[in-house]
Amino acid sequence: MTIGNTQIKRLQSGARSGSMRVVVIENNPLTAWAIARALAPDFEVLQRSTLVEAATELDRHGAAFVICGSPFADDAPGELKRFAEAVGPRVIALVSDPDCGLSAWMPVLEKPFELNRLVELLIPARRSAFSPPPNETARRGTNMQTLAERLDARFKNEICPRCIHRTADGGCTLKEEHDCPMFNWAEKLAAVVEGIDSNRMGDYMDKIQAIICPSCMQLADGRCKTRDRLDCPLDLYLGLVVPIIEEELKRGSSA
């Protein structure tokens, strides 16, 4: 069925998810009803109207995911991004504009969407036996640190030896003025890479320049001394950085 601009399809047989809880935020009552009704045989669905209420349910009931549509995904993407940063990788955005800037932070489905596509994002969460401990922040920090440690080791072993900033004694000339962005922003780089599926390095660089560069070495006028000198490691070695991150993300999801 189609309600508004959202196409809703029933789950195909076999796509069962057990009793995983899902919080749905969608201000179109008919769309919210259709999603909840379609998910109900396979998920425990809770409908809420604000991000505060959704966060309360995550803490109170251990809900695995928040599916967030209007108004936050379309009208307040910055607020939704901050919410996702706070609760961890448990948010799916349903958006009218695929270029809203959320794809680097969470899975995004463009309206109209097929419910089976939504299930493809929910099922892996069950397979990983998601069960948040009382201290969600500590759990997320542990998982993030594990990924950061793996990326740190691979960057040091596979990229640093060939980097133009490497000195004869194994040091790094870049550290004289700033930490290397490969290491300093590894987790955000992983979030950017996870949200893009493209064969063009330019697509990754566009997201990096929009999300990471403003917080790295970029000056007030938008320029970057390292990039101006053509020796930013992310510019030079992005073709190595992206495959390493993709391999480690895949490794983490299959662990």
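Per-residue answers, yes or no, for (1) more than 19 Å from PRO107 (Cβ to Cβ); (2) among the small types (Gly, Ala, Ser); (3) open to solvent by 50 Å² or more (accessible area, probe 1.4 Å):
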| residue | (1), (2), (3) |
| --- | --- |
| GLU149 | yes, no, yes |
| ARG162 | yes, no, yes |
| GLY195 | no, yes, no |
| GLU246 | no, no, yes |
Only residues in the stretch 103-116 that are of a type in the set (Val, Ile, Thr) count as the first member; pair them with residues that are crowded, with 18+ Cβ neighbours inside 10 Å, Cβ under 7 angstrom, at least 6 apart or cross-chain, and list the lot. VAL108/ALA93; VAL108/VAL95; VAL108/LEU102
With respect to GLY88, is the statement that it is on the phi > 0 side of the Ramachandran plot, open to solvent by less than 10 Å² (accessible area, probe 1.4 Å) and not charged (D, E, K, R) true? yes
Modelled with pLDDT under 85 and surrounded by 22 or more Cβ atoms within 10 Å (Cβ to Cβ): which single residue out of ALA76, ALA32, ALA36 fits that description? ALA32
Those residues of the stretch 207-234 which are at pLDDT 85 or above, more than 14 Å from LYS188 (Cα to Cα) and in a helix (DSSP H, G or I) amount to PRO233
On the basis of being at pLDDT 85 or above and crowded, with 19+ Cβ neighbours inside 10 Å, does LYS188 make the cut? no
On the given criteria, is ASN157 at pLDDT 85 or above and either aromatic (Phe, Trp, Tyr) or closer than 20 Å to PRO243 by Cβ (or both)? yes
Cβ-Cβ below 7 Å, separation at least six or inter-chain, first residue in the stretch 221-236 and among the acidic types (Asp, Glu), second open to solvent by 60 Å² or more (accessible area, probe 1.4 Å): which pairs? ASP231/ILE164
Any idea which of (1) buried (at least 16 other Cβ atoms within 10 Å of the Cβ); (2) at pLDDT 70 or above is the one ARG60 doesn't satisfy? (1)
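Yes/no matrix, rows are residues, columns are (1) among the hydroxyl-bearing types (Ser, Thr, Tyr); (2) modelled with pLDDT under 80; (3) part of a loop (DSSP other than H, G, I, E, B):
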{"residue": "ASN27", "(1), (2), (3)": "no, no, yes"}
{"residue": "PRO41", "(1), (2), (3)": "no, yes, yes"}
{"residue": "VAL45", "(1), (2), (3)": "no, no, no"}
{"residue": "GLU53", "(1), (2), (3)": "no, no, no"}
{"residue": "GLU85", "(1), (2), (3)": "no, yes, no"}
{"residue": "PRO89", "(1), (2), (3)": "no, yes, yes"}
{"residue": "ASP97", "(1), (2), (3)": "no, no, yes"}
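The values are calculated or read from the model by the stated rules, or taken from the named source; none is laboratory data. None of the values given here were measured: they were computed from a predicted structure. Backbone-built Cβ (ideal geometry, glycine too); neighbour counts: all protein chains shown. Keep in mind that these areas ignore ligands, DNA and RNA; they rest on the heavy atoms of the full protein, side chains included. Shrake-Rupley method; radii C 1.70, N 1.55, O 1.52, S 1.80 Å.
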